[in-house]
1. Assuming 1.567 mPa s and 4 °C, estimate D for chain A with Stokes-Einstein, Rh taken as the Kirkwood radius over Cα pairs, in µm²/s.
2. Please report the antiparallel percentage of the DSSP beta bridges confined to the protein assembly as shown, to the nearest 5.
3. Give, to the nearest whole percent, the P(r) tail of the protein assembly as shown beyond 24 angstrom, counting all Cα pairs.
4. Fewest first, what order do A:91, B:100 take by the number of other Cβ atoms within 10 Å?
5. In a solvent-free Debye calculation with one equal scatterer on each Cα, what is log10 I(q)/I(0) for chain B at q = 0.15, 0.18 Å⁻¹, listed in the order of the q values?
6. Suppose R0 equals 41 Å; then what is the FRET efficiency for residue B:15 and residue A:12 from their Cβ-Cβ distance, rounded to the nearest 0.05?
7. Need the full-extension length gain, residue B:51 to residue B:7, defined as separation in residues times 0.36 nm minus the C-alpha distance. One decimal, nm.
8. Using the basic label-point model (7 angstrom from Cα toward the beta carbon), what is the residue B:67 to residue A:2 distance in nanometres?
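Every number in this text was worked out from the coordinates using simple rules, so none of it is lab data. On a predicted model such as this, the values are computed, not experimentally measured, just so you know. Glycine gets a Cβ as well: all are built from the backbone with ideal geometry, and neighbour counts include every protein chain shown.
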């Protein structure tokens with residue numbers, strides 16, 4: 001099993017540019033989560049999907065952020081326009097019915113975004 | 001949503017010493033999960049606790065869920081340098097979402 005795949009692993013961009021982060025969840029998992037991690041704010045849930053449908057996007061900071069899941073094997077998180085305060089590590093995670101029905105989440109390696 | 005407070009924020013221990021991190025909630029939790037994140041890595045699931053007073057062990061790691069299901073702890077016996085990382089507790093809400101605690105960053109000095 002390849003695990004959750006994220007790309008790119010690192011992104012450096014200038015303020016005002018559009019940034020697109022990509023995620024491929026583990027095959028068979030029907031829940032997908034996008035998180036942002038910073039030293040100041042810790043690990044924050046931005047949005048999550050069940051069966052490709054966005055369930056809760058209350059964690060999305062503002063309208064500059066958008067996420068899509070066009071099918072069960074792909075999701076994107078887009079920031080347009082990007083700002084320096086968006087610099088963080090962005091994780092994608094997926095979950096399905098695990099052992100003991102635990103629904104544990106499996107995280108991808110993350111995308112380290114730097115906006116200058 | 002669920003909120004969990006985790007303490008301490010940082011812990012430095014000498015290799016071989018024990019380590020404990022605590023997770024507290026003002027509300028009753030349906031279950032709690034623990035994750036470990038190595039420096040530069042991503043969170044990795046360790047375990048889930050569901051039952052009141054539950055205790056689970058993984059080698060040198062002992063996980064407890066309080067009787068009132070409002071608190072949990074992770075205890076590591078005789079720490080090793082491989083234990084370095086940040087340990088997070090996470091409370092599950094509706095539809096499988098998790099609310100993560102702020103984490104305890106463990107440093108093990110050789």
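1. My calculation gives 91 µm²/s for D.
2. Details: 71 of 80 bridges.
So the antiparallel bridges in the protein assembly as shown amount to around 90 percent.
3. Details: 11353 of 25425 pairs.
The share of Cα pairs beyond 24 Å in the protein assembly as shown comes to 45 percent.
4. So the residues, fewest neighbours to most, are B:100, A:91.
5. Computed log10 I(q)/I(0) values: -0.58, -0.82.
6. Details: r = 37 Å, r/R0 = 0.91.
Result of the calculation: an efficiency of 0.65.
7. Extra length from residue B:51 to residue B:7 when fully extended: 13.6 nm.
8. 5.1 nm
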